[in-house]
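Quick notes on the structure that follows.
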Amino acid sequence: MSLQEITSSPFLTEEGLTLAISTVATIFPSENSDTEPSPAARKVADVLNLMASGVDIEIIPVQAELTVTQAARFLKMSEGRLNELLDDDLIGYRLEGGRRMVQRESILEFERETREMEEGCAELT
C-alpha cells in the first residue's frame with residue numbers, strides 16, 4: 001500500500017496505519033542526529049499516535065464552517081442543545097439556504113469561555 005493510497009482513503013487499515021507510522025518515523029531523524037523534525041512532522045506523528053491508541057480523529061480546516069451536526073459532534077453535545085446556544089447567540093453562525101453553518105472560530109471561543117468558567121467555579125469550591 002502506498003502513502004498516496006493511505007492519505008486518499010477515508011479509513012486507515014491496520015496495514016495502512018503501520019505504513020503511515022513507519023513513513024513518519026523516517027521523517028524524524030534518529031536521536032543521534034543534529035537535525036530537528038519539522039513541526040508538521042511532529043503533528044503528523046502526534047495524530048498517528050493518537051489514532052494508533054484508538055482515539056477518533058477528525059481534521060477540520062482552520063477557516064472552516066461546520067454543519068450543526070458536525071459542530072455538535074465536535075462539542076460533544078446534542079444538536080438540540082447546540083441549536084439552543086445558536087438561538088441565544090452564544091455561538092456564531094450564518095444561514096446558507098436555510099441551513100445553519102457554524103463558524104469554527106466561534107466554536108473554539110465558546111469552548112475557551114466554557115473552560116474558563118469551569119475553572120473559575122472549581123476555584124470557588
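Tell me, what does the Kirkwood hydrodynamic radius of region 71-125 come to in angstroms if you use every pair of distinct C-alpha atoms?
It works out to 12.1 Å.
Show me, for region 86-98, the HN-Hα J-couplings you get by feeding each phi into the Karplus relation (A = 6.51, B = -1.76, C = 1.60, θ = phi - 60°), rounded to Hz, glycine and proline as x.
5, 4, 7, 6, 8, 9, x, 7, 9, 8, 10, x, x
Quick check on packing: order 49-59, 89-99 by the mean number of other C-beta atoms within 10 Å, highest mean leading.
Descending mean neighbour count gives 89-99, 49-59.
Rule-based calculations on the coordinates, nothing more; no lab input. Keep in mind that what you see is a predicted model, and the values were worked out from it rather than measured. In this analysis, Cβ positions are derived from the backbone assuming ideal geometry, glycine residues included, and neighbour counts consider all displayed protein chains.
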